Amino acid sequence: MNDSAKERASAPTPRFAADRVSYVTVGANSAGQRLDNFLLRLAKGVPPSHVYRIVRSGQVRVNKARASVDQRLAEGDQVRVPPLRIAAPAPPPVRAQMPPVLFEDEYLIAVDKPAGLAAHGGSGIAHGLIEMVRAARPHQPFLELAHRLDRETSGILLLAKTRRALLGLHEQLREGQVDKRYLALVAGDWVNDRQHVRLPLARRTIGSGERRVAVDEDEGLAAHTVFNLRHRYGAFSLLEAELKTGRTHQIRVHLAHVGFPIVGDGKYGDFELNRRAARGEFGEPFKRMFLHAWAVRFSHPVGGQPIELQSALDRDCSDFLRGLGRA
């Protein structure tokens, strides 16, 4: 029996009631899964936005305690699930589409995510990349994101096809054994060929309800990024970012804090510069964030062999750089 067959047979699908509070025990097949993914699989047909809302409001509890959407579950955890029968229109059908595949075997898929496509549905987004891939692979019994990329970030995204592969990748990510490299175009003339930025980061919710990340020396979690200068373009610099930790928005916040915002970053960037870039004042009009996950190195989570993958810049980014080079 192969890994996929073992996982299908390992545990029954948990049950919940649509009209009353339910208590669901996490089985071995769901150990290590994020709470949001666990609930979305459990409550198929319920809009992701509703699932995220009930978690953030405290209606979902894990072992009687409030939980966050990114909390990892352990076997034996008891999850309180409120009634999920809601009067809401059915979500639109998922468009079955595979992004370009960079690598695939029986355990993993590495895809080239385009900018503008969320990694998963939720927070007002009906469907993301993972839902589209599941629709394109309807006979694949297990398919989960191994990590995340921001919606406006393009590049390499790893998906696991078995629970064993997912847990193996998660372990490597926790231990810092996955070498992820990004390309970022920033405003400003970067000085050092190689620079370490160690600034602790904390997540905050501002008055409008929007979630942001900020440097916080008192309450922030340790965050470390290494930036390597790749090329200077006058008023812009192309950097390679090497992640030593994996905090939310780490590259974007570190660069903005040291005075070199990423071109096109609509949350932490220079908004006037972004408008000028979109109008074509620097050459080719540029209307996305210039952050691209271009390379990754890791050990295969099952076979152990080294895997190295690369993703070329998309046409928007490469055309913009060519225009800057001619200036």
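The values are calculated or read from the model by the stated rules, or taken from the named source; none is laboratory data. Nothing here was measured: the structure is a model prediction, and the numbers come from that model. Backbone-built Cβ (ideal geometry, glycine too); neighbour counts: all protein chains shown.
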So, of the residues in the range 197-228 that are buried (at least 18 other Cβ atoms within 10 Å of the Cβ) and β-branched (Val, Ile, Thr), which turns out to be nearest to GLY246 (Cα to Cα)?
-> THR225
Selected residue (criterion: farthest from ASN228 (Cα to Cα)) from residues of the range 271-327 that are among the hydrophobic types (A, V, I, L, M, F, W, C) and assigned to a strand (DSSP E or B) | ILE307
Sort out which residues of the range 304-326 are exposed (fewer than 11 other Cβ atoms within 10 Å of the Cβ) and in contact (Cβ under 8 Å) with a residue 24 or more places away in the chain, and write them in order of number.
-> ARG326
Could you tell me whether any residue of the range 105-124 is over 14 Å from the mean Cα position of the chain (by Cα) and at pLDDT below 85?
-> yes
Having 2 or more residues that are hydrophobic (A, V, I, L, M, F, W, C) and farther than 19 Å from ASN37 by Cβ is the bar; report the strands (runs of 3 or more DSSP E) wholly within the range 93-195 that clear it.
-> 101-104, 179-187
